[in-house]
Amino acid sequence: MSATPIGYRLSRLLRLSVHMLAGAVKLARHSARWSEQRRVHEIGVWSRRLLRIVGVHVEHTGTLPAAGLVVTNHISWMDIFVLNAVAPARFVSKSEVAHWPLIGYLCTKSGTLYIERGRKRAARLANAAIAAALETGERVVLFPEGTTSFGRHVLHFHAALLQPAIDVGAQVHPASLRYTDARGAHTVAPSYVGEQSLIGSLWTLLGERRIVAHLSFAPPVAAQGAHRRELADALHAAVSRSLAATD
């Protein structure tokens, strides 16, 4: 953990809180009147500002997907803002996120698609929502590991939520994400893993002077006609190769 003075962390925390509150107010007042293009623009601008406040710099490689399903490894709640800073999208997330203080409201108003884990009916509803978004040409981001890791390796990919991409014939874009510190070494500071609390994760992140998020997009994979387990395995291999190439 960083030895950054507590005053520095508190200053960042204050600026972050103000930024998030301002974002929530803006969404509440204006988002209902925004076009899809305006919504995407506002999410991108707001996310880039948030990353500047917490000292996260994004470096991305590969071709940004204009539409389709993006699948990537999952390290932290910060991943959402990193991806939104580069390619704003609708995210598929566990239903618990909707109840996180302030972050849940922001995610909901930004169009997050929630799934209640462990319920087959919930998975069917989530698949229908994902398919509808893909059919209208939106970007949708899925974390098929279903959990977070420290970002050194890619965990097993669950296949169920890939079905909408197969059904609508969407392209699937593998991407990898990892974080390094100011010296270029792998860092677990942004990680939100296991029994760690959201506040504890945030406090650790605020203590880092600079973090670089490395986001790499691999060539797309055609989903039409694929078997979802085979598709999941192919995507896992693509994300693993991408992650290894950025190490």
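The values are calculated or read from the model by the stated rules, or taken from the named source; none is laboratory data. This one's a predicted model, so the numbers in the text were calculated from it and none came from an experiment. Cβ atoms come from the backbone with ideal geometry, glycine included; neighbour counts cover every protein chain shown.
Evaluation of Arg52 against the conditions (1) at pLDDT 95 or above; (2) crowded, with 21+ Cβ neighbours inside 10 Å shows that the sole unmet condition is (2). Scanning the range 81-96 for residues that are touching a residue at least 40 places away in the same chain (Cβ under 8 Å) and not in a strand (DSSP E or B) turns up Val82, Leu83, Asn84, Ala85, Val86, Ala87, Pro88, Ala89.
Within the range 190-205, residues that are more than 21 Å from Arg52 (Cβ to Cβ) and touching a residue at least 40 places away in the same chain (Cβ under 8 Å) have Cβ atoms under 7 Å from residues that are of a type in the set (S, T, N, Q) and not in a helix (DSSP H, G or I) in these pairs: Val193/Thr148; Val193/Ser149, counting only partners at least 6 apart in sequence or on another chain. Quick check, is Pro219 out of contact with any Asp or Glu (no Cβ under 7 Å at 6 or more places or on another chain), surrounded by 14 or more Cβ atoms within 10 Å (Cβ to Cβ) and not hydroxyl-bearing (Ser, Thr, Tyr)? No, not satisfied. Is it the case, given these coordinates, that Phe157 is surrounded by fewer than 20 Cβ atoms within 10 Å (Cβ to Cβ), of a type in the set (Phe, Trp, Tyr) and either at pLDDT below 95 or closer than 27 Å to Ser110 by Cα (or both)? So Phe157 does not fit the description; no. The one condition from (1) closer than 26 Å to Leu202 by Cβ; (2) modelled with pLDDT of 95 or more; (3) assigned to a strand (DSSP E or B) that Ile75 does not meet is (3).
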